[in-house]
Amino acid sequence: MKKKLLSLLCGATMLAAALTGCGSQSADAPAAAEGESTEAAASADGAKIALITMDSIDQHWISLNEGAQKAAGELGVEVTFMSPNTKDDAQQIECVNNAVAGGYAAIIVAANGPDAISSALKEAIAAGIKVVYVDSPANVDAEATFSTDNVAAGTTAGEEMIKALDAKGITSGDIGIVNVNAATQSTVDRENGFRKAFEGTDFNLLETQYGEGDAAKSQTIAENYITQKVVGIFGCNEGSTTGTGNAIKASGSSDIVGVGFDKSDAIQGLITDGYLLCTMAQNPDVMGYEGVKAAVAAIGGEDLGGKVTDTGVSVIDVAALGGAASEASGDAVKASKAWKIALITMDSIDQHWVTLNEGAQAKAGELGVEVTFMSPNTKDDAQQIECVNNAVAGGYEAIIVAANGPDAISSALQEAIAAGIRVVYVDSPANVDAEATFSTDNVAAGTTAGEEMIKALEAAGVTSGDIGIVNVNAATQSTVDREEGFRKAFEGTDFNLLETQYGEGDAAKSQTIAENYITQNVVGIFGCNEGSTTGTGNAIKASGNSDIVGVGFDKSDAIMNLIGDGHLLCTMAQNPDVMGSMGVEACVKALEGESLGGAVTDTGVSVLTK
């Protein structure tokens, strides 16, 4: 059960902590944290750990505390959330001093800035207290850091804004930035990454304004930007983003693109209502959870070496939240009859397609239409063409299709359209105009996959070597695009990308290919879809070589287990349920006479790591 969180000043929290004392030991020793010996976990049992974030109000910090409390319960330690109720250096320093005076064994801290808190942390370390950073480090060496790669995430935020502006036909104009202050390194890094995205464009980034992370102050700043006729505004944290969205909402202008950082109910509501384009959602619960595990390991005597772990970020937009894009009229889609819609994916076995079908069936139930999942049981052009022909012969009024390749299925689709059937693409389009497409920006996602591999290799001290790529085939556009983006990430590096091998998306064939790559002493392997990724992970597992970095695409139970067991670094998780849901809604709109204009909607991707 989640504990109620009280926004208390540090002194009051310390009093409560002193009255409570250490938690009692459980009868059974808790499971050891990842990479931690059982002895280390046992020696830390009942230890007191202070969690000090920038404030105790933002939902970001509340979620971080929830993750910390979960780990505390598992490991049998006491974590006290003793954060100030507002972002203030003096109060945060007081919290650190109180933790030292209160006999805490470790401090987990998200520093307001890199310098203000440093002296207090040095004194804590001198007193034998272990220090672990979450979200934002200070300029003092600590046991470990769990945070977001804020520069990269800021660049992603900028790229999302540029894409949205380009889609509106806007290629120049002023952009406003609402930051917290000039000292909080995490938000400064986000701004630096955001500005980096605009290099070489005709947009003009205005001087940054600071709202101290306060939503009301940030709204005033954003409203001032709006009077200057900006085309976009970037909020660097939860309060800045909320204020930005509220200002755009109050302005009544749907032309201003608002992009932000962090995830809260308020922010998600502003995205759903169309006042913000998207937000970069961190994983604060993971930071808190891993922070406690690291603190326990350090208390138990383990040397963590000051390692910095990127806890990842996801782009949360209206599609990722499961909401459909608003119609120009503002009216919800309605079905005047029980339209018959055929759903034809590449196969009916991969969990990706099963999940896509689940999203389609859920939306069909909402709208009162019939969706038949009539996909072949394997990736085969002839079988997929037969499915299209069967849909035409069966009197289906619309077809949702994920094409094996851009050309093979085209003639069959053209005949379907000639027969009056509406066609909508999900995941992978063919070279035939359709009503709409709902898919992942596969080139961008492939580049992200490459960047994740490079970061992991460099962290291991590997800056050159051969990389293998396991793809489906040379015709499936989605996976071809992923490979293109992956290769793009390695341009200018000393790594050598080997010739691509094709496994038709079959896990067993892909494993054989990956095993052959391993005999060539590759340092990394990329799997371009679910089967390719599963095969890659299984090959690395069978090799017993933990030095090979495996990165993949799609999400399944098998892939998540391979990540959890350390045989894959990460996977690029799409939102197939969103594709299915939005695909059905688009079919109904088209069947009811609405012109969708062939719009292409990016349904987003998330990096899933251990």
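Quick notes on this structure:
- Check on Ser543, closer than 14 Å to Lys379 by Cβ and assigned by TED's automatic domain parsing to the domain that holds Leu568: no
- The condition of being modelled with pLDDT of 95 or more, hydrophobic (A, V, I, L, M, F, W, C), surrounded by 24 or more Cβ atoms within 10 Å (Cβ to Cβ) and not in a strand (DSSP E or B) holds for Ile540.
- Scanning the stretch 495-519 for residues that are closer than 11 Å to Asn471 by Cβ and either of a type in the set (Val, Ile, Thr) or exposed (fewer than 15 other Cβ atoms within 10 Å of the Cβ) (or both) yields Glu499, Thr500, Ile513.
- The set of residues in the stretch 558-601 being within 21 Å of Ala319 (Cβ to Cβ), modelled with pLDDT of 90 or more and assigned to a helix (DSSP H, G or I) consists of Met579, Gly580, Ser581, Met582, Gly583, Val584, Glu585, Ala586, Cys587, Val588, Lys589, Ala590.
- Matching residues, the stretch 121-143, being in contact (Cβ under 8 Å) with a residue 60 or more places away in the chain, of a type in the set (A, V, I, L, M, F, W, C) and surrounded by fewer than 24 Cβ atoms within 10 Å (Cβ to Cβ): Ala142
- Residue match in the stretch 110-120 (condition: in contact (Cβ under 8 Å) with a residue 60 or more places away in the chain and hydroxyl-bearing (Ser, Thr, Tyr)): no
Listed here are the residues, each with its yes/no results for (1) at pLDDT below 95; (2) surrounded by fewer than 20 Cβ atoms within 10 Å (Cβ to Cβ).
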| position | (1), (2) |
| --- | --- |
| Glu207 | no, yes |
| Glu223 | no, yes |
| Gln228 | no, yes |
| Ile233 | no, no |
| Glu238 | yes, no |
| Thr241 | no, no |
| Thr244 | no, no |
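- Strands (runs of 3 or more DSSP E) contained entirely in the stretch 452-536, each with at least 3 residues that are under 21 Å from the mean Cα position of the chain (by Cα) and modelled with pLDDT of 95 or more: none
- Count of the stretch 388-411 residues, restricted to those that are over 24 Å from Glu585 (Cβ atoms) and outside any loop (DSSP other than H, G, I, E, B), is 4.
- Per the listing Thr187, Thr156, Thr148, the residue uniquely more than 21 Å from Pro84 (Cα to Cα), out of contact with any Phe, Trp or Tyr (no Cβ under 6 Å at 6 or more places or on another chain), surrounded by 24 or more Cβ atoms within 10 Å (Cβ to Cβ) and in contact (Cβ under 8 Å) with a residue 60 or more places away in the chain is Thr148.
Okay, residues lined up against (1) in contact with an Asp or Glu (Cβ under 9 Å, 6 or more places away or on another chain); (2) among the acidic types (Asp, Glu); (3) assigned by TED's automatic domain parsing to the domain that holds Asp255; (4) under 29 Å from Lys455 (Cα atoms):
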{"residue": "Val140", "(1), (2), (3), (4)": "no, no, no, yes"}
{"residue": "Met161", "(1), (2), (3), (4)": "no, no, yes, yes"}
{"residue": "Ser172", "(1), (2), (3), (4)": "yes, no, yes, no"}
{"residue": "Asn181", "(1), (2), (3), (4)": "yes, no, yes, yes"}
{"residue": "Asn192", "(1), (2), (3), (4)": "no, no, yes, yes"}
{"residue": "Phe198", "(1), (2), (3), (4)": "no, no, yes, yes"}
{"residue": "Thr208", "(1), (2), (3), (4)": "yes, no, yes, no"}
{"residue": "Glu223", "(1), (2), (3), (4)": "no, yes, yes, no"}
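- Qualifying positions in the stretch 171-196 - assigned to a loop (DSSP other than H, G, I, E, B) and touching a helix residue (DSSP H, G or I) at 6+ places or on another chain (Cβ under 9 Å): Thr171, Val180, Asn181, Ala182, Ala183
- Against the list (1) modelled with pLDDT of 85 or more; (2) within 15 Å of the chain's Cα centre (by Cα); (3) acidic (Asp, Glu), the condition Glu290 fails is (2).
- Candidate set: the stretch 445-471, residues that are farther than 19 Å from Ile540 by Cβ and of a type in the set (Val, Ile, Thr); chosen: the one surrounded by the most Cβ atoms within 10 Å (Cβ to Cβ): Thr448
- Residue list for the stretch 150-170, restricted to those being in a helix (DSSP H, G or I), at pLDDT 90 or above, farther than 13 Å from Ala281 by Cα and not basic (Lys, Arg): Val151, Thr155, Gly158, Glu159, Glu160, Met161, Ile162, Ala164, Leu165, Asp166
- Residues considered: Lys249, Lys263, Lys334, Lys307. Of these, the only one that is among the basic types (Lys, Arg) and at pLDDT 90 or above is Lys249.
- Condition check for Ala382: surrounded by 15 or more Cβ atoms within 10 Å (Cβ to Cβ) and part of a helix (DSSP H, G or I): no
- Residue satisfying all of: in the stretch 412-440; in a loop (DSSP other than H, G, I, E, B) and surrounded by fewer than 20 Cβ atoms within 10 Å (Cβ to Cβ); farthest from the chain's Cα centre (by Cα) among these: Ala419
- Filtered residues of the stretch 406-433 (kept if of a type in the set (A, V, I, L, M) and either at pLDDT below 95 or in contact with a helix residue (DSSP H, G or I) (Cβ under 8 Å, 6 or more places away or on another chain) (or both)): Ala408, Ile409, Ala412, Leu413, Ala416, Ala419, Ile421, Val423, Val424, Val426, Ala430, Val432
- Any hit, the stretch 474-484, residues being within 19 Å of Thr571 (Cα to Cα), in contact (Cβ under 8 Å) with a residue 12 or more places away in the chain, among the basic types (Lys, Arg) and touching a strand residue (DSSP E or B) at 6+ places or on another chain (Cβ under 9 Å): yes
- Residue-level check: of (1) among the polar types (S, T, N, Q); (2) part of a loop (DSSP other than H, G, I, E, B); (3) surrounded by fewer than 20 Cβ atoms within 10 Å (Cβ to Cβ), Gln361 misses just (2).
The values are calculated or read from the model by the stated rules, or taken from the named source; none is laboratory data. For clarity, every value in this text was computed on a predicted model and none was experimentally measured. Virtual Cβ from ideal backbone geometry, glycine too; neighbours counted across all protein chains shown.
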